[in-house]
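Enquirer: Let me begin by handing over the structure; questions about it come next.
The values are calculated or read from the model by the stated rules, or taken from the named source; none is laboratory data. Because the structure is predicted, anything quoted here is derived from the model rather than measured. Neighbour counts run over all protein chains shown; Cβ positions are idealised from the backbone, glycine included.
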(Lines give C-alpha, C1' and ligand atoms only; values in the text may rest on other atoms or scores of the structure.)
Protein backbone atom coordinates (compact mmCIF):
# COMPACT_ATOMS: atom_id res chain seq x y z
CA UNK A 1 0.00 0.00 0.00
CA UNK A 2 1.86 3.01 -1.29
CA UNK A 3 -0.78 5.71 -0.75
CA UNK A 4 -3.30 4.14 1.62
CA UNK A 5 -3.61 2.74 5.12
CA UNK A 6 -5.72 -0.27 6.03
CA UNK A 7 -7.89 1.93 8.25
CA UNK A 8 -9.12 3.88 5.20
CA UNK A 9 -10.88 0.70 4.01
CA UNK A 10 -12.32 -0.37 7.39
CA UNK A 11 -16.06 -0.87 7.71
CA UNK A 12 -17.70 2.41 8.75
CA UNK A 13 -19.73 0.72 11.52
CA UNK A 14 -16.61 0.24 13.63
CA UNK A 15 -16.69 -3.57 13.65
CA UNK A 16 -13.05 -3.75 12.55
CA UNK A 17 -13.55 -5.51 9.20
CA UNK A 18 -10.69 -4.22 7.03
CA UNK A 19 -9.57 -7.23 4.99
CA UNK A 20 -9.16 -5.33 1.70
CA UNK A 21 -7.94 -6.89 -1.55
CA UNK A 22 -4.34 -5.95 -2.32
CA UNK A 23 -5.23 -6.11 -6.02
CA UNK A 24 -7.80 -3.36 -5.41
CA UNK A 25 -5.33 -1.28 -3.42
CA UNK A 26 -2.76 -1.61 -6.21
CA UNK A 27 -5.34 -0.39 -8.71
CA UNK A 28 -6.22 2.59 -6.49
CA UNK A 29 -2.51 3.36 -6.04
CA UNK A 30 -2.23 3.43 -9.83
CA UNK A 31 -5.15 5.88 -10.08
CA UNK A 32 -3.55 8.06 -7.42
CA UNK A 33 -0.28 8.16 -9.32
CA UNK A 34 -1.94 8.75 -12.70
CA UNK A 35 -3.93 11.76 -11.47
CA UNK A 36 -1.29 12.93 -8.99
CA UNK A 37 -4.18 13.74 -6.68
CA UNK A 38 -5.54 12.36 -3.41
CA UNK A 39 -7.99 9.45 -3.64
CA UNK A 40 -10.56 9.37 -0.84
CA UNK A 41 -12.20 6.06 0.04
CA UNK A 42 -15.81 6.83 0.98
CA UNK A 43 -16.70 3.16 1.44
CA UNK A 44 -14.44 0.13 1.46
CA UNK A 45 -15.06 -3.05 3.42
CA UNK A 46 -18.57 -3.60 4.75
CA UNK A 47 -19.84 -6.16 7.21
CA UNK A 48 -23.27 -7.66 6.46
CA UNK A 49 -25.05 -5.45 9.00
CA UNK A 50 -23.54 -2.25 7.66
CA UNK A 51 -24.16 -3.25 4.05
CA UNK A 52 -27.85 -3.90 4.84
CA UNK A 53 -28.10 -0.42 6.37
CA UNK A 54 -27.07 1.26 3.11
CA UNK A 55 -30.00 2.08 0.84
CA UNK A 56 -29.61 0.43 -2.56
CA UNK A 57 -26.67 -1.78 -1.62
CA UNK A 58 -26.45 -5.17 -3.32
CA UNK A 59 -27.10 -8.24 -1.17
CA UNK A 60 -23.95 -9.83 -2.60
CA UNK A 61 -21.92 -6.62 -2.71
CA UNK A 62 -18.23 -6.83 -3.49
CA UNK A 63 -17.74 -4.58 -0.44
CA UNK A 64 -18.63 -7.64 1.69
CA UNK A 65 -15.63 -9.45 0.21
CA UNK A 66 -13.17 -6.57 0.55
CA UNK A 67 -12.85 -6.34 -3.22
CA UNK A 68 -14.62 -2.98 -3.75
CA UNK A 69 -14.25 0.67 -2.87
CA UNK A 70 -16.28 3.77 -3.54
CA UNK A 71 -13.86 6.60 -4.19
CA UNK A 72 -13.45 10.26 -5.05
CA UNK A 73 -10.38 11.69 -6.75
CA UNK A 74 -9.80 15.33 -5.91
CA UNK A 75 -10.72 17.65 -8.81
CA UNK A 76 -11.41 14.77 -11.23
CA UNK A 77 -14.90 14.08 -12.64
CA UNK A 78 -16.38 10.68 -11.85
CA UNK A 79 -16.67 9.90 -15.58
CA UNK A 80 -12.93 10.30 -16.04
CA UNK A 81 -12.18 8.20 -12.96
CA UNK A 82 -14.53 5.44 -14.15
CA UNK A 83 -13.04 5.30 -17.64
CA UNK A 84 -9.47 5.22 -16.33
CA UNK A 85 -10.37 2.48 -13.82
CA UNK A 86 -11.66 0.36 -16.70
CA UNK A 87 -8.50 0.98 -18.72
CA UNK A 88 -6.23 -0.11 -15.88
CA UNK A 89 -8.14 -3.31 -15.16
CA UNK A 90 -11.06 -2.80 -12.77
CA UNK A 91 -13.65 -5.53 -13.36
CA UNK A 92 -16.54 -3.69 -11.75
CA UNK A 93 -17.06 0.02 -12.29
CA UNK A 94 -20.10 2.22 -11.73
CA UNK A 95 -20.12 5.95 -12.09
CA UNK A 96 -22.30 7.89 -9.68
CA UNK A 97 -22.75 11.67 -9.45
CA UNK A 98 -20.40 12.15 -6.51
CA UNK A 99 -18.22 9.01 -6.42
CA UNK A 100 -17.06 6.03 -8.45
CA UNK A 101 -17.52 2.40 -7.44
CA UNK A 102 -14.53 0.24 -8.37
CA UNK A 103 -14.08 -3.46 -7.75
CA UNK A 104 -11.78 -6.28 -8.73
CA UNK A 105 -14.33 -9.11 -8.80
CA UNK A 106 -13.40 -12.30 -10.56
CA UNK A 107 -15.20 -13.25 -13.74
CA UNK A 108 -16.93 -11.06 -16.26
CA UNK A 109 -16.42 -7.31 -16.24
CA UNK A 110 -19.31 -5.08 -15.17
CA UNK A 111 -19.25 -1.40 -16.14
CA UNK A 112 -22.01 1.19 -15.85
CA UNK A 113 -21.16 4.70 -16.98
CA UNK A 114 -23.71 7.51 -16.83
CA UNK A 115 -23.61 8.20 -20.57
CA UNK A 116 -24.30 4.51 -21.29
CA UNK A 117 -27.33 4.09 -19.02
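Enquirer: For region 86-117, give me each residue that is part of a loop (DSSP other than H, G, I, E, B) and free of Cβ contacts under 8 Å to residues at least 40 places away in the same chain. Before you say what the answer is, go through the steps one by one.
Expert: Just the residues of region 86-117 that are part of a loop (DSSP other than H, G, I, E, B), to begin with: 88-91, 96-99, 104-109, 113, 117.
Those that are part of a loop (DSSP other than H, G, I, E, B) and free of Cβ contacts under 8 Å to residues at least 40 places away in the same chain: 91, 96, 97, 98, 106, 107, 108, 109, 113, 117.
Enquirer: Among the candidates 76, 41, 104, single out the residue that is touching a helix residue (DSSP H, G or I) at 6+ places or on another chain (Cβ under 7 Å) and under 16 Å from residue 8 (Cα atoms).
Expert: Numbers: 76 fails: under 16 Å from residue 8 (Cα atoms); 104 fails: under 16 Å from residue 8 (Cα atoms).
The match here is 41.
Enquirer: Quick check, is residue 76 assigned to a loop (DSSP other than H, G, I, E, B), surrounded by 15 or more Cβ atoms within 10 Å (Cβ to Cβ) and modelled with pLDDT of 95 or more? Give the steps one after another, and end with the answer.
Expert: Values: assigned to a loop (DSSP other than H, G, I, E, B): yes; surrounded by 15 or more Cβ atoms within 10 Å (Cβ to Cβ): yes; modelled with pLDDT of 95 or more: yes.
Judged against the criteria, residue 76 is a match.
Enquirer: In addition: Please tell me if residue 29 is part of a helix (DSSP H, G or I) and within 13 Å of the chain's Cα centre (by Cα).
Expert: On the way: part of a helix (DSSP H, G or I): yes; within 13 Å of the chain's Cα centre (by Cα): yes.
Taking the combined requirement at face value, the residue satisfies it.
Enquirer: Within region 44-68, take every residue that is farther than 15 Å from residue 13 by Cβ and part of a helix (DSSP H, G or I) and give me the one that is farthest from the chain's Cα centre (by Cα).
Expert: 65
Enquirer: Of everything in region 69-78 that's without any contact (Cβ under 8 Å) to a residue 40 or more places away in the chain and under 14 Å from the mean Cα position of the chain (by Cα), which residue is nearest to residue 109 (Cα to Cα)?
Expert: First, pick out the residues of region 69-78 that are without any contact (Cβ under 8 Å) to a residue 40 or more places away in the chain: 70, 72, 74-75, 77-78.
Then keep just the ones that are under 14 Å from the mean Cα position of the chain (by Cα); that gives 70, 72, 78.
Numbers: 70: 17, 72: 21, 78: 19 Å.
Selected residue: 70.
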